[in-house]
Amino acid sequence: MSDRPVPRGPRLRTTLTLLAASALAGGVALAVAPSADAATTLGASAAATGRYFGTAVAANKLSDSTYVGILNREFNAVTPENEMKIDATEPQQNQFSFTNADRIVNHALAQGMKVRGHTLAWYSQQPGWMQSMEGSALRSAMINHITRVATYYRGKVFTWDVVNEAFADSGGGRRDSNLQRTGNDWIEVAFRTARAADPDAKLCYNDYNIDNWTWAKTQGVYNMVRDFKARGVPIDCVGLQSHFNSGSPYASNYRTTMESFAALGVDVQVTELDIEGSGQTQATTYANVVRDCLAVPRCNGITVWGIRDSDSWRASGTPLLFDGSGNKKAAYNSTLEALNAGGTTNPTTPPPTTPPTSPPTSPPVSPTPPTGTTPPPSGTGCTAAYTVNAWTGGFTATVKVSAGSAAVTGWAATLTLPSGSAVTNAWNAQATGSTGAVRFANVSYNGRIAAGSSTEFGFQGTGTPPTGTPACAAS
Ligand code: G2I
């Protein structure tokens with residue numbers, strides 16, 4: 001038993017005791033025995049306030065029994081450290097590789113852990129083919145990448161880092177990159193594309209050095225999020241990476257940063273926590289971070305960027321909670337103690353598609369229901385169903401092409417755009433025309449659809465989207 005006061009509400013863990021069959025017969029089914037024991041693992045303790053405590057995981061360490069032992073015991077969320085990055089998931093254009101990411105996702109889901117997806121759009125870790133792209137081709141490739149990866153992990157990833165590290169280290173403005181040079185709207189297009197691909201995932205902007213409220217970079221990101229919320233761009237969350245060291249130390253205004261973002265109507269997550277140092281100094285800083293998150297209801301959880309010091313990208317700074325042998329450090333104990341002290345409850349956050357509390361100044365962007373029809377169970381040929389995600393001045397659309405009772409070996413869907421609108425790019429289909437009636441034909445790898453099966457393609461456009469059911473012709 002703990003000598004702490006018995007906590008209230010969700011801190012009160014209960015033990016359900018099934019009584020003897022005779023008691024059941026007498027109508028007393030269950031006895032609820034309160035237990036005030038402090039949780040003994042990071043994940044269980046965080047869960048008591050509705051939060052998660054996660055770690056970055058590397059697929060090639062899943063064969064290390066010490067590593068996996070700590071992972072399974074302590075954590076209830078994971079972030080693939082490198083395996084969902086663009087170079088890992090799309091090494092050749094339009095050839096997707098999910099093997100290593102799936103190893104982590106499957107392990108996590110089998111253990112009942114949540115998965116944070118990291119990351120869909122980033123200036124770094126781009127595959128060679130993307131590094132050499134620019135302009136509308138790159139914009140189109142980004143949209144395709146986000147669509148394909150977020151669609152693949154729909155239902156498995158609870159939060160995506162949609163855009164990573166898009167702000168410059170100083171000055172509060174954007175970082176130059178090939179993505180930035182496609183146009184300042186690339187970030188909002190990335191978020192809209194991610195929302196269309198996975199309407200249920202929480203969508204985050206993630207960055208480092210946005211922990212200190214007084215820094216220009218923090219203010220730059222804050223202003224972007226405020227603008228996005230005002231215009232109805234679908235952003236749900238800000239990820240504070242929180243890589244702390246002497247050059248970027250933890251500051252006591254960290255809680256102010258969290259509260260300020262939360263006040264804009266987004267959640268905050270501590271996404272890549274590590275704190276260089278050792279001993280009690282490091283332990284105190286870890287506890288401060290935990291207390292700040294627990295004080296802010298919209299702080300969903302904390303992820304540390306690795307398990308043992310030897311697993312860290314900054315191993316020489318010994319910034320994690322376990323030493324190289326897997327022993328708990330002082331920082332582990334202070335973290336668990338701070339979690340066990342409790343705090344505000346993180347409410348079960350509403351699904352991202354819930355309308356915002358204050359109406360955006362531009363039309364809502366939640367995906368509209370498909371206007372097409374579900375393919376009939378019988379009949380040859382093909383049918384097409386259409387989902388659109390529109391904002392002022394543009395849209396992305398997804399079209400599901402389904403075969404009837406016979407396989408098709410080729411298809412084309414036609415949509416008519418309103419006057420003034422134009423298709424700017426398409427993925428998984430070849431567009432003919434860009435205004436008026438636009439025909440989207442299959443590409444080499446998706447022409448064949450088995451009987452009763454379907455495939456999807458997408459396109460992006462300017463102006464207002466087409467309405468009505470696309471016409472579908474099979475060949
Ligand atoms: O740099 C620390 C983090 C900053 N925020 C974004 C995170 O995604 C980033 O993580 C680090 C990983 O911890 C490193 O493991 O990102 C680095 C760059 O993507 C990762 O390093 C890379 C090396 O650069 C590659 O040479 C190596 O092949 O790790 C790869 C896999 O070990």
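The values are calculated or read from the model by the stated rules, or taken from the named source; none is laboratory data. Values in this document were obtained by computation on a predicted structure and should not be read as measured data. As a convention, Cβ positions derive from the backbone with ideal geometry for all residues, glycine included, and neighbour counts pool all protein chains shown.
At-a-glance table
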item	result
First in the stretch 446-464 and under 25 Å from residue 395 (Cβ atoms) and free of Cβ contacts under 8 Å to residues at least 40 places away in the same chain, second anywhere and crowded, with 21+ Cβ neighbours inside 10 Å and aliphatic (A, V, I, L, M), Cβ under 9 Å, 6 or more apart	446/401; 446/429
Residues of the stretch 219-228 classified as surrounded by 18 or more Cβ atoms within 10 Å (Cβ to Cβ) and more than 16 Å from the ligand (Cβ to nearest atom), total	5
Residue check, residue 157 at pLDDT 95 or above, of a type in the set (A, V, I, L, M, F, W, C), within 16 Å of the ligand (Cβ to nearest atom) and in contact with a Gly (Cβ under 7 Å, 6 or more places away or on another chain)	yes
When residues of the stretch 287-297 are limited to those that are in a helix (DSSP H, G or I) and not acidic (Asp, Glu), the one nearest to the ligand (Cβ to nearest atom)	289
Test: residue in the stretch 298-309 that is in contact with a Phe, Trp or Tyr (Cβ under 6 Å, 6 or more places away or on another chain), more than 14 Å from the ligand (Cβ to nearest atom) and not β-branched (Val, Ile, Thr)	yes
Counted residues, the stretch 311-324 - those being in contact (Cβ under 8 Å) with a residue 12 or more places away in the chain and either more than 13 Å from the ligand (Cβ to nearest atom) or among the β-branched types (Val, Ile, Thr) (or both)	5
Residue check, residue 82 in contact with a helix residue (DSSP H, G or I) (Cβ under 9 Å, 6 or more places away or on another chain), within 13 Å of the ligand (Cβ to nearest atom) and either modelled with pLDDT of 95 or more or in a loop (DSSP other than H, G, I, E, B) (or both)	yes
Qualifying residue in the stretch 50-71 (condition: modelled with pLDDT under 50, loosely packed, with under 13 Cβ neighbours inside 10 Å and not polar (S, T, N, Q))	no
Check on residue 273, in a loop (DSSP other than H, G, I, E, B), under 27 Å from the mean Cα position of the chain (by Cα) and either modelled with pLDDT of 95 or more or more than 16 Å from the ligand (Cβ to nearest atom) (or both)	no
Selection from the stretch 45-70 of residues that are within 16 Å of the ligand (Cβ to nearest atom), not aromatic (Phe, Trp, Tyr) and not in a loop (DSSP other than H, G, I, E, B)	54, 55, 56, 57, 59, 60, 61
Residue among 361, 373, 303, 345 that is at pLDDT 95 or above and either touching a strand residue (DSSP E or B) at 6+ places or on another chain (Cβ under 8 Å) or surrounded by fewer than 20 Cβ atoms within 10 Å (Cβ to Cβ) (or both)	303
Residue in the stretch 237-253 that is farthest from residue 167 (Cα to Cα), counting only those that are surrounded by 23 or more Cβ atoms within 10 Å (Cβ to Cβ) and away from the ligand (no atom under 13 Å from the Cβ)	237
Residue 65 among the polar types (S, T, N, Q) and free of Cβ contacts under 8 Å to residues at least 12 places away in the same chain	yes
Test for residue 111: is it within 30 Å of residue 181 (Cβ to Cβ), over 14 Å from the mean Cα position of the chain (by Cα) and surrounded by fewer than 20 Cβ atoms within 10 Å (Cβ to Cβ)	no
Those residues of the stretch 255-271 which are closer than 23 Å to residue 334 by Cα and buried (at least 22 other Cβ atoms within 10 Å of the Cβ), in sequence order	257, 258, 268, 269, 270, 271
Check on residue 419, at pLDDT 85 or above and either closer than 19 Å to residue 147 by Cβ or touching an Asp or Glu at 6+ places or on another chain (Cβ under 6 Å) (or both)	no
Test: residue in the stretch 103-124 that is among the polar types (S, T, N, Q), away from the ligand (no atom under 13 Å from the Cβ) and under 27 Å from residue 225 (Cβ atoms)	no
Failed item, numbered, when residue 87 is tested on (1) within 16 Å of the ligand (Cβ to nearest atom); (2) touching a helix residue (DSSP H, G or I) at 6+ places or on another chain (Cβ under 6 Å); (3) assigned to a helix (DSSP H, G or I); (4) under 30 Å from residue 174 (Cβ atoms)	(2)
